[in-house]
Amino acid sequence: MAKGIRDKIAIVGMGCSKFGERWNDNAEDLMREAFTEALGDAGIEKDRIDAAWFATAIEEQHTGKSGIPLAVALRLPLIPVTRVENFCASGSEAFRGAAYAVASGACDIALALGVEKLKDTGYGGLPQRSRGSVNDLYWANFSAPGAFAQLASAYRARHKIPREDLKRAMAHVSVKSHANGAKNPKAHLRNRIDEDRVLNAPMVAEPLGLFDCCGVSDGAACAIVTTPEIARSMGKSRPITVKALQLAVSNGAEAQHNSWDGSHLMTTRKASERAYEEAGIRDPRQALDLLEVHDCFSITELVTMEDLHISPEGGAVKDVMDGFFDADGALPCQIDGGLKCFGHPIGASGLRMLYEIYLQMTERAGERQRQKEPALGLTHNLGGFPHQNVCSIVIVGQSGA
Amino acid sequence: MTRNALATDAAVGIHAFGGYIPKRRLQKKIVAKAHAWFNPALAAHAKGERAIADWDEDAITMAVEAARDCLGGDWSSSLLPPRTAAESEGEDAQNTIAHAILASTTFPFQDRQNAGVVAEALRLGRRISTLDIGGSQRAGTSALITAFEIAAGGRNAPLLVSGSEKRRTRAASPLEFTSGDAAAALLVAPGEGVARLLAHATCAVDFVDHYRGPDAPFDYVWEERWIRDEGLMKIVPETIADVLSKAGLEARAIDHFCLPSALRGAGAGIVKATGLPAESLCDNLQGVCGEAGAAHPLVMLSHILESTPPERTILVVGFGQGCDAILLRTTSALAGEDGKRPGPRLGIGGHLKRRFEDTNYQRYLGTNDLLQMEQGLRSEVDRQTGLTTLYRNREMIHGLVGGRCTRCGTRQFPKSGICVNPNCHADDTQVDHSFSETPASMRSYTADRLTWSMAPPAYYGMVQFEGGGQAMIDFADIEPGGDSAPELEPGAPMRMVFRIKDLDPRRGFRRYFWKAAPAGTDTIEGSASDNGEAPSQTQGGVKSDG
């Protein structure tokens, strides 16, 4: 029986570019911005890096394929660079590759970097594109918000929640993230909003209005990982270590089999159960101190609270309205603004989430810093659509946690 | 002038009939008001409504729906095995229909057989002859005559004759008001059926009242008075006299006269000139549907067959570069058994009642490309169809054929090498299973204003098929009036309909697929039987008719 990755990997350096509409920067500029910060944070020269994993999802809009764009942008010394793509979990996938490489002993120090340059399409939102020649023949004409909006009607039906109550809880999710984003100098959206503004916003995909949807941003984020021993030799006396790395990928059951009613994410439930097992967490609601989840849409964050086994099934609306996940709540979720306000450059997002937890755990989160130093934090990505997706879970924590 | 008298021992007839009228009805007063500044005379056409196909409907999709309406009806005829038998016995049972003929002047494809697409959507099998008949407003009646002649030729297999029309009309033209989109389908076979052919006659005259040349988007139309007085009033009576003489009938013997013309006074004039009873003139559906071109005589005939008693004589005329005249006599089969009258699933009458008013003339203009709308950069995505891809998957795409696992019985769409059931996952156990006639219910939905669509918002969601299987699929026929209409609640009954999936304007191609439409309103008009529907329909829960 595999014992997992717990405490085998330490994060020694992280970097994150400012997210937003970076009209005057190429993807390569964003990569360098994040990497320079991480290298300085780690306190090493780049020739110490043995291998790199490079994440982008919609590469045809910016860098093109392969690991070459990263190697060229950073002038890496002919080391192995692997490009990964797993929808919105791409950044976490790069982190997983780098962590596994170090854990295997194949490398001492590895880099995971994700980037997305989405603001060159000429319009807002994610690019409209082909889904593959066979899929295009029969897939519904869905956008990302439309696919995730399905969660709302199915969740309402499953838990018999009035439309208005769910819409109000969804609004609270977004109001909270805007309040958090306002305190984050690197966030794309830094304006505070109120519930009325969310409820009265133009509809994007019923019932998701404009403020139920995350921003589409340009940005990059990266992590440098090594073993805890090497980390200590680098002067990191209390390195942040990886407790769990899990991925669950749909096999078509949700899309085709009646066992799924559309109200939850099968993959998130499975991946989180495996992650808690790997990290030795019995009661995640008590054990976890910070959450950074894939709040691509307000409804996604809401149902994810249940799928992560934090809120009871059907109980997320109450927890959300109680402020349980607010910045000053028991278990803050998206304390950096989340995808909603920090922004969502797809390939970078998983690493951006880790970046915030890393800052909080090393007491460098500025205005957003939690009073009590967080011991365990969880990141969650959801790539694709509720009925067919990739879910990643990463749990990191203080050395002893 | 052709003369085709039929020997009485070679009786042929119509054995089943059906039709289709799009749910959306454009209110003509709105159109007249929009054009009042330009041509106030159009106010003369401002009464009533016309049926308008949505952007995802064309002559092919409407023909498919008309044929489903016909074949899915409640027929005492043993010509067609119920679909239930067809499903269990495999392909052979569906091969009962030997010919599929489609008449239209608005075929979506110039060189790709349109009737062939209809036959694939209906899963009629490949041992079938398919034929497009077009080129004239008379195409519908000519197709029916052709079918009668083939049936009289001795082969016992039934023929499916459909007429379907979606005419594109210029804004502020009279045709914009008088046209309607509709289709009808008739099953013709040896034997009397519900209406026996008495005689038919044709007169060919190159009378050009209007025409549409190559690449011309619209008809070029000559003066109405001339069309009526020199065309209809002279050519139609001549042909009627001929067909009556062949049948040995007097004009006064006619009970129903179907004249598919929107020209005012034409019907009354012909009735007077020929001696037909004044009351025989049938409603041309001008106020509720509009004239559906080549399909219209078949639409009117199908409509009459829904209500007329046995032993009534029907005269159907098709006019265009001459005239077709068809004489039919209804039979006792129309009375049905046990007092239950046989009929189509909804029929023209049922479809006329299944409607919603559309007062959004701008939408009509936009979706018919009569007004250049800013489609936005999202519309620029390439919608090329790989012809290899389509051919390889054509049963899945055109017939909504998925799979059924022979080990665990799980139904799924699409079919796959490994069963989707998490408790089975058996290899190579799937047999074909079509979902097109299976009732479904909605599990989730949205109205999407971000994704590019010809007619935003794009409605779609997860539907669950009765008996198993589910799919995220586009919706059709959602009524206007908000993105959260009551018909869009999880659990709502849905019915699959054959529609255009995507248009590829760059290459002039269009691909077809099935969509889910609210089935709720159909229950009002449904016929009493489930004959012809999927086996699972009788298992309770969602019912699309009955």
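The values are calculated or read from the model by the stated rules, or taken from the named source; none is laboratory data. If you're wondering where the values come from, they're calculated on a predicted model, not measured in any experiment. When we count neighbours, we look across all protein chains shown, and the Cβ atoms used for this are built from the backbone with ideal geometry, even at glycine. Heads up: the accessible areas ignore ligands, DNA and RNA and are worked out on the full protein's heavy atoms, side chains in. Shrake-Rupley method; radii C 1.70, N 1.55, O 1.52, S 1.80 Å.
Data for the structure
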read-out	value
Selection count where residues are more than 8 Å from chain B (Cβ to nearest Cβ) and assigned to a loop (DSSP other than H, G, I, E, B), scope region A:126-149	4
Residue identified as open to solvent by less than 30 Å² (accessible area, probe 1.4 Å), assigned by TED's automatic domain parsing to the domain that holds B:V288 and under 22 Å from B:H398 (Cβ atoms) among B:A115, B:A189, B:A147	B:A115
Residue check, B:T202 in contact with a strand residue (DSSP E or B) (Cβ under 7 Å, 6 or more places away or on another chain) and open to solvent by 20 Å² or more (accessible area, probe 1.4 Å)	yes
Residue identified as open to solvent by less than 20 Å² (accessible area, probe 1.4 Å), within 14 Å of chain B (Cβ to nearest Cβ) and not acidic (D, E) among A:A231, A:A248	A:A248
Every residue from region B:481-490 that is facing chain A (nearest Cβ under 7 Å) and more than 15 Å from A:A205 (Cα to Cα)	B:P490
Selection within region A:262-297 - within 14 Å of chain B (Cβ to nearest Cβ) and either open to solvent by 30 Å² or more (accessible area, probe 1.4 Å) or closer than 20 Å to A:F324 by Cβ (or both)	A:H264, A:L265, A:M266, A:R269, A:K270, A:F297
Residue tally, condition away from every other protein chain (no Cβ under 11 Å), surrounded by fewer than 21 Cβ atoms within 10 Å (Cβ to Cβ) and of a type in the set (S, T, N, Q), over region B:413-430	1
Restricting region B:248-259 to residues that are out of contact with any Gly (no Cβ under 7 Å at 6 or more places or on another chain) and buried (at least 21 other Cβ atoms within 10 Å of the Cβ), the residue that is farthest from B:K166 (Cα to Cα)	B:I254
Checklist (1) open to solvent by 20 Å² or more (accessible area, probe 1.4 Å); (2) more than 9 Å from every other protein chain (Cβ to nearest Cβ); (3) at pLDDT 95 or above applied to A:N184, failing item	(1)
Qualifying positions in region A:235-245 - open to solvent by 40 Å² or more (accessible area, probe 1.4 Å) and of a type in the set (S, T, N, Q)	A:S237
Candidates B:S302, B:S280 - the one that is buried (at least 18 other Cβ atoms within 10 Å of the Cβ), among the hydroxyl-bearing types (S, T, Y) and within 16 Å of B:A253 (Cβ to Cβ)	B:S280
In region A:320-353, the residues that are surrounded by fewer than 24 Cβ atoms within 10 Å (Cβ to Cβ) and either in a helix (DSSP H, G or I) or hydroxyl-bearing (S, T, Y) (or both)	A:M321
Some residue of region A:300-313 being open to solvent by less than 10 Å² (accessible area, probe 1.4 Å), of a type in the set (G, A, S) and within 14 Å of chain B (Cβ to nearest Cβ)	no
Number of positions in region B:431-457 that are aliphatic (A, V, I, L, M), within 9 Å of chain A (Cβ to nearest Cβ) and open to solvent by 10 Å² or more (accessible area, probe 1.4 Å)	1
Test: residue in region A:77-95 that is assigned by TED's automatic domain parsing to the domain that holds A:A27, of a type in the set (V, I, T), touching a Leu at 6+ places or on another chain (Cβ under 6 Å) and surrounded by fewer than 23 Cβ atoms within 10 Å (Cβ to Cβ)	yes
B:G399 vs. criteria at the interface with another protein chain (Cβ under 10 Å from one of its Cβ atoms) and either modelled with pLDDT of 95 or more or closer than 20 Å to B:R499 by Cβ (or both)	no
Subset of region A:150-176 [more than 16 Å from A:V303 (Cα to Cα) and open to solvent by less than 10 Å² (accessible area, probe 1.4 Å)]	none
Condition check for B:R170: open to solvent by 40 Å² or more (accessible area, probe 1.4 Å), in the same structural domain as B:L263 (by TED's automatic domain parsing) and not in a strand (DSSP E or B)	yes
Scan of region B:464-480 for residues that are hydrophobic (A, V, I, L, M, F, W, C) and more than 10 Å from chain A (Cβ to nearest Cβ), ordered by number	B:A476, B:I478
Among residues of region A:193-214, those that are in contact with a helix residue (DSSP H, G or I) (Cβ under 7 Å, 6 or more places away or on another chain) and either open to solvent by less than 30 Å² (accessible area, probe 1.4 Å) or not in a helix (DSSP H, G or I) (or both), counted	15
Within region B:479-498, considering residues that are modelled with pLDDT under 90 and at positive phi, the one least open to solvent (accessible area, probe 1.4 Å)	B:G482
Hits in region A:101-149 - residues which are of a type in the set (F, W, Y) and open to solvent by 10 Å² or more (accessible area, probe 1.4 Å)	A:Y123, A:Y138, A:W139
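Yes/no per residue for (1) without any contact (Cβ under 8 Å) to a residue 12 or more places away in the chain; (2) within 9 Å of another protein chain (Cβ to nearest Cβ); (3) aliphatic (A, V, I, L, M):
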position: B:E357; (1), (2), (3): no, no, no
position: B:D369; (1), (2), (3): yes, no, no
position: B:T385; (1), (2), (3): no, yes, no
position: B:R394; (1), (2), (3): no, no, no
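Yes or no, residue by residue, for (1) under 21 Å from A:I335 (Cα atoms); (2) under 25 Å from the mean Cα position of the chain (by Cα):
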{"residue": "A:R192", "(1), (2)": "yes, yes"}
{"residue": "A:L199", "(1), (2)": "no, no"}
{"residue": "A:P202", "(1), (2)": "no, no"}
{"residue": "A:P207", "(1), (2)": "no, yes"}
{"residue": "A:V216", "(1), (2)": "yes, yes"}
{"residue": "A:V225", "(1), (2)": "no, yes"}
{"residue": "A:I230", "(1), (2)": "no, no"}
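So that you can scan it fast, the table gives a plain yes or no per residue for (1) hydrophobic (A, V, I, L, M, F, W, C); (2) not in a strand (DSSP E or B):
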site	(1), (2)
B:M454	yes, yes
B:Y459	no, no
B:E479	no, yes
B:E487	no, yes
B:R506	no, yes
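So that you can scan it fast, the table gives a plain yes or no per residue for (1) over 26 Å from B:T146 (Cα atoms); (2) in contact with a Phe, Trp or Tyr (Cβ under 9 Å, 6 or more places away or on another chain); (3) open to solvent by 30 Å² or more (accessible area, probe 1.4 Å):
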position: B:I314; (1), (2), (3): no, yes, no
position: B:V317; (1), (2), (3): no, yes, no
position: B:I326; (1), (2), (3): no, yes, no
position: B:T331; (1), (2), (3): no, no, no
position: B:G339; (1), (2), (3): yes, no, yes
position: B:H351; (1), (2), (3): yes, yes, no
